[in-house]
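Written below as structure tokens is the structure these notes are about.
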Amino acid sequence: MCKPLERPSGRKKAAAAATEKHGFSPTLVRATADYDAPSVVAWAFVTLCTASFYLGPLILASPLLVYFIHPSAAGAAFATAVFLACHPVRPNRKFCKWCQLFYRVFDFHHNFTPRVNDVARRGNRLSIVAMHPHSIIPLHGFIWSAICDQLLPDMYGFGCTTDQALNLPVLRHLLQYMDVRSTSKRVIMSGMQSDNKNLFILPGGVAEIFLSHRRARAGPNVQTIKARRYGLVKLALQTGAVIYPSFVFGASDMLDQLTPAEDEAPGGREGGGEVEPSLRSRMGRAMERLSRRIKGGLTLYYGQFGLPIPHNPRLTMVMG
């Protein structure tokens, strides 16, 4: 009979990190905003944030559209688009407080306590919050800014996104209000080492955008995670930062997309034979390749009523 291997006496078992000692609640906590707002106001704000990914390209294309309708107004439309795309925008912590409106729409829960902030402050080390999934549109990034402003002010630092997103009117305003910067290594290193700020990042990137499906359409799977970000570990070693893994349940259920990179039929390839990719799947793969080439996510998404109004699943953010 084989005997089980014994743990060497000199080796200690690693202590669990997601415990009350480190500030994480053993039960989920329902988030409550610091102020009361009508439901219609919360939905209007969430819809604006969701539609901003469409509004930017439309504003940049508006001079051409206006030219065919009213040529004399095309110049004004062009000047407005350039101003909105180029003028400097500073971080605005009041905007982070407004993001608490997301709590009401998505019945937001989490496992944080104020002690997380105390542990982060006493540790006197930088942190990298790596959150999954990216989903089609990472609306949970707005929620992270809200929960940091409310409970974890010492955890908040800056976020990262593509340069293309930072050049789109309206979207760039919302992102830069939350101090979102470029994903270039130079900018990240400057933010962490020179500014001594923590980093919030969605490592999945473009790959997870095109693998996102709502569970109501794609079966019981929560989310396909496709990310091998060894550079993130290298960044942590270079800056001495602590990596906090985080996951948001329900994040992929807020929106649908017209061009997913995989067929939505559950078990399509498990039947044994090859499955011919659908037109939507082929378009999705083409858009994924284009997105990688331009280093920015290009997808056509929709929510309720076929509009950029997200569905409202319960969102649960856990860390540890």
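The values are calculated or read from the model by the stated rules, or taken from the named source; none is laboratory data. These figures come from a predicted structure and were not determined experimentally. Here the Cβ is made from the backbone with ideal geometry for all residues, glycine too, and neighbour counts use every protein chain on show. Just the protein is used for accessible areas: all its heavy atoms, side chains included, with ligands, DNA and RNA removed. Shrake-Rupley method; radii C 1.70, N 1.55, O 1.52, S 1.80 Å.
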Review point. So which of Ser145, Ser135 ends up being closer than 22 Å to Ala42 by Cα, part of a helix (DSSP H, G or I) and open to solvent by less than 10 Å² (accessible area, probe 1.4 Å)?
Key: Ser145
Study note, to complete from the structure: Result of the Cβ filter at 9 Å on the range 40-56, keeping first residues that are outside any helix (DSSP H, G or I) and partners that are open to solvent by less than 20 Å² (accessible area, probe 1.4 Å), at least 6 apart or interchain, is none
Practice item. Run Phe158 past the list (1) at pLDDT below 90; (2) within 28 Å of Arg186 (Cα to Cα); (3) surrounded by fewer than 22 Cβ atoms within 10 Å (Cβ to Cβ); (4) touching a Gly at 6+ places or on another chain (Cβ under 6 Å) and report the number of the one that doesn't hold. Key: (1)
Review point. Open to solvent by less than 70 Å² (accessible area, probe 1.4 Å), in contact with a His (Cβ under 6 Å, 6 or more places away or on another chain) and at pLDDT 85 or above, is that true of Val105?
Key: no
Point to revise | Flag if Val89 is more than 19 Å from Phe249 (Cβ to Cβ) and in contact with a His (Cβ under 8 Å, 6 or more places away or on another chain) | key: yes
**Study point:** Pair list, Cβ < 7 Å and 6+ apart or interchain, from the range 58-76 residues that are more than 23 Å from Arg172 (Cα to Cα) to residues that are hydrophobic (A, V, I, L, M, F, W, C) and modelled with pLDDT of 85 or more
**Key:** Tyr67/Ala74; Ala73/Val66
**Study point:** Residue that is farthest from Asp163 (Cα to Cα), among those in the range 81-102 that are without any contact (Cβ under 8 Å) to a residue 60 or more places away in the chain and surrounded by fewer than 16 Cβ atoms within 10 Å (Cβ to Cβ)
**Key:** Lys94
